[in-house]
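Below: the structure, in structure tokens.
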Amino acid sequence: MSQAALTCANIEVDFDGFKAVNGVDLTLDRGEVHFLIGPNGAGKTTLVDAITGLARYTGSVVKDTAEKGAVELRGKKVHHIARHGIGRTFQTATVFENLTVAQNLDIAAGSGRSPWALLRRRKHLPDTVVNVMEQIGLTGQAATPAGILAHGQKQWLEIGMLLVGDADVLLLDEPIAGMGHDERETTGRLLHDIATDRAVAVVEHDMDFMRAFASRVTVLHAGAVLATGSVDEVSNHPRVQEVYLGTAHPTAPSNDMEPADAATA
Ligand SMILES: Nc1ncnc2c1ncn2[C@@H]1O[C@H](COP(=O)(O)OP(=O)(O)OP(=O)(O)O)[C@@H](O)[C@H]1O
Ligand SMILES: [Mg+2]
């Protein structure tokens, strides 16, 4: 039985002779929140760029689709890849600041409608928009311009825009950067809720967040996969401890796992 929504095989991204991604295999299953971790420059964002068509690569990315079965995404244009259900967020939220929460979602849901129809305020929002607004906890902010939402709420709106657009593989690049504790908790729960019938990949540096919410973890280092498995498996993996978790301050901005921690995690 395979629940694989996305299967990457032997992905290589070459920037003028420098292999930023060097032979990565990665499987994203429905039902899992799969964390991609690794030091700065490990190739995490470049891998996401490759999957979403923003970076040229060799190898293969196969998406399981309801309509057409397995579809090879390599060589397809960015918007075709999105149409096959691959949704992606960037670290800075890209919502329409002057439009309301409901309008942002309505537009993201409305591929195929004319620009005029999209901008018209509608009395009745489509069910998908109403449901997703509830799921991302922004029903009370339906009429609020996105520009004045709190930081966390913008990220949730952006995730909501992928959901109404029918993405079933979500690739989120550092979704909790800049969030406070409560917003992180809410986001972690949201990711699991979303992953019930989708695959969710999260690029993250925050080890506490990873430990709390990862169903599976893949550790990248120098463009290659160092380990993949449960939080415990990767935390106890000798090479991971050596090159990543075992260093005093592996990567980044927030907090972190001390070596002692890693051994007992
Ligand atoms: N367009 C590019 N041209 C040349 N080198 C690049 C390009 N984009 C990224 N790189 C290099 O590829 C490597 C991987 O970068 P990438 O941004 O994927 O790392 P990352 O794991 O996302 O790191 P971070 O945690 O800092 O976001 C780095 O050495 C980076 O400098
Ligand atoms: Mg990155």
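Values quoted throughout were computed directly from the atomic coordinates according to the rules given, and no laboratory measurement underlies them. No experiment lies behind these values; they were computed from the predicted model shown. Virtual Cβ from ideal backbone geometry, glycine too; neighbours counted across all protein chains shown.
Give me the orientation-averaged projected area of the Cα convex hull of the range 53-96, in nm², one decimal. Can you show the working numbers first?
Working: hull surface 15.9 nm².
Over all viewing directions, the range 53-96 projects a mean Cα-hull area of 4.0 nm².
In units of the compact-protein estimate 2.2 N^0.38 Å, the chain shows a Cα radius of gyration of 1.02.
Here the extension length gained between ASP25 and VAL78 equals 17.0 nm, from 0.36 nm per residue of separation less the Cα-Cα distance.
Approximating the spin labels as points 7 Å out from Cα along Cα→Cβ, the GLU134-to-SER230 distance works out to 3.4 nm. For LYS76, a cut-off of 17 angstrom between C-alpha atoms picks up these lysines, skipping any fewer than 8 places away in its own chain: LYS63, LYS68.
Can you give the helix-only mean residue ellipticity at 222 nm for the chain, where every DSSP H stretch with n ≥ 4 adds -39500 (n - 2.57) and the sum goes over all residues, rounded to the nearest 500 deg cm²/dmol?
On the way: 10 runs with 83 residues, N = 265.
Computed mean residue ellipticity for the chain: -8500 deg cm²/dmol.
With a cap of 12 neighbouring Cβ atoms within 10 Å, and only residues DSSP puts in a loop, list the trypsin sites (Lys or Arg not before Pro) found in the range 14-113. It would help to have the intermediate numbers written out before the result.
On the way: sites: LYS19, ARG30, LYS44, ARG56, LYS63, LYS68, ARG74, LYS76, LYS77, ARG83, ARG88, ARG113; in loops: ARG30, ARG56, LYS68, ARG74, LYS76, LYS77, ARG113.
Passing sites in the range 14-113 are LYS68, LYS77.
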